[in-house]
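The values are calculated or read from the model by the stated rules, or taken from the named source; none is laboratory data. Note that the structure is a prediction, hence the values are computed from the model and not measured. As a convention, Cβ positions derive from the backbone with ideal geometry for all residues, glycine included, and neighbour counts pool all protein chains shown. Heavy atoms of the whole protein, side chains included, go into the accessibility calculation; ligands, DNA and RNA do not. Shrake-Rupley method; radii C 1.70, N 1.55, O 1.52, S 1.80 Å.
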Amino acid sequence: MDALQVDLAKLRRDANLTQSIEDVDKIIEQLEKAREAIVEDPNSASITLAKLQNPLKHGFDKVNEDLKKVYKGHTTYGKALDKNFPVKALPTDYDALASHPTLINRAIAMHLLREGQFSVASTFLEEAQDNPPHPEPTPGTPNPAEEDETDLTTLKSRELQDKFSNMYKILHELKARNLHPAIEWARANSSELEKRGSNLEFELSKLQFVWLFLGPSVNGLPDDIHNGLPGALQYAKEHFQRFQIRFLRDIQQLATAMAYRSNLRDSPYYRTFDTETAWDDVSSSFTREFCSLLGLSAESPLYIAATAGAIALPTLLKLASIVKEKRTEWTTQNELPVEIALPRSMIFHAIFVCPVSKEQTTELNPPMMMPCGHVVAKESLQRLSKGSRFKCPYCPNESQPKDAREIIL
């Protein structure tokens, strides 16, 4: 992968269209000057056009050279991709998603809505409803047809599209350094945010205070009593009182920092007033909380699944070649036969390995906690108990299978 990154860096540096565009602009500039000269003196048309032949030929040759470099760069990078990602077919005997077609359609439609592609999502949903998919039962997998038959019409509702449209409008305003729409949204949903333990509303108000405090030279707002230190103080008086119970210490730090206004860069509070990453942070927090109130994750599940699959693909391709060479098979359908190193951001739940069977638990074989507090997989519990009273394999306590409780890690 390191070699591929090097080739990608070369492609970005040498095989881009920047130089080609500059050369084309030069040709256009020469043609425009010639046109202006001919307009001013029509009798000089023949001479002007004659003088233009060699520069134009040189310009077009230069553009062709630029395009050759681009073509060469893309060809080289294509070979590097083929070398690092050879085309190999994975075994398709087991398709875990064959019995989830409606769920997949829902994930695609929701991804389009989250990306603001409302017209595309609407067309997709209409075609999905006109041609409903037919689930195909997968051996060894419970038939989720009833669960998958989610009403896709809810995704077509104008209300949901309006909510995502509003989210993008607020994010656009945040990008333009305007916090007011985001603060208004957080204030309107303050009760739901507090139930979640969210501090989004205060973080937005805090950034608004900092933004005003930095003054016109930084925030570009009008130089009046509503900006700079007077504007920040007035904003704090009007809006910080409601946050005193939960965020008193933060408010005290903001107030104390005013004493260092003349030498803020060397003060202990410089980080508080450094907004270099603050806008990206509040945008991410806003997106996360907005989606959470809709019962959705901050990231698109489809995007995460596709990205995780791309990360796992090289390992799975290598495993497939080994399995084919050794003439062996995967021993289970519900878990991967090798460990896939995913980023921390893509690990959403703990993975429990049964200490008795040494296998990972699944939905069909969940972790079960016995009264003594020890945990084993459900299948291991059934083998140990055989339907009657049994002894814990890790302590002297005895219990009944019915006393065990499924736990969620």
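The separation of segment 3-77 from segment 257-321, counted between C-alpha centres, amounts to 41 Å. When the surface is traced with a 1.4 Å probe over the full set of protein chains, LEU8 keeps roughly 40 Å² accessible. For segment 341-392, GluC sites (Glu not before Pro) meeting the loop criterion (DSSP other than H, G, I, E, B) and having at most 10 other Cβ atoms within 10 Å: GLU363. Within the listed set SER191, SER285, SER99, the residue fluctuating most in the Gaussian network model of the chain (springs between alpha-carbon atoms under 10 angstrom) is SER191. The charge dipole of the chain, taken about its Cα centre with unit charges on the Cβ atoms of Lys, Arg (+1), Asp and Glu (-1) only, comes to about 1300 debye. Across TYR235, TYR168, TYR77, TYR303, the residue with the most accessible area heads the list, and the full order at a 1.4 Å probe is TYR303, TYR168, TYR77, TYR235. Relative contact order for the chain: 10 percent, from Cα pairs under 8 Å spaced at least 6 residues apart, divided by residue count.
For segment 337-387 and segment 178-249, what is the centre-to-centre distance using only Cα atoms, to the nearest Å? Here the two parts' Cα centres lie 46 Å apart. With the highest mean first, a sort of the peptides 59-69, 255-265 on other beta-carbon atoms found within 10 angstrom per residue produces 59-69, 255-265.
The residue among TYR235, ASN189, ALA255 whose Cα reaches farthest toward the positive pole of the charge dipole of segment 155-300, with charges on the beta-carbon of Lys, Arg, Asp and Glu, is ASN189.
Within the accessible area of the chain, what % is carbon and sulfur when the probe is 1.4 Å and the other protein chains stay in place? In the chain, the share of accessible area belonging to carbon and sulfur is 53 percent. Heavy atoms of the protein chains alone define the surface here; on that basis the chain has 67 Å² accessible area per residue at 1.4 Å probe size.
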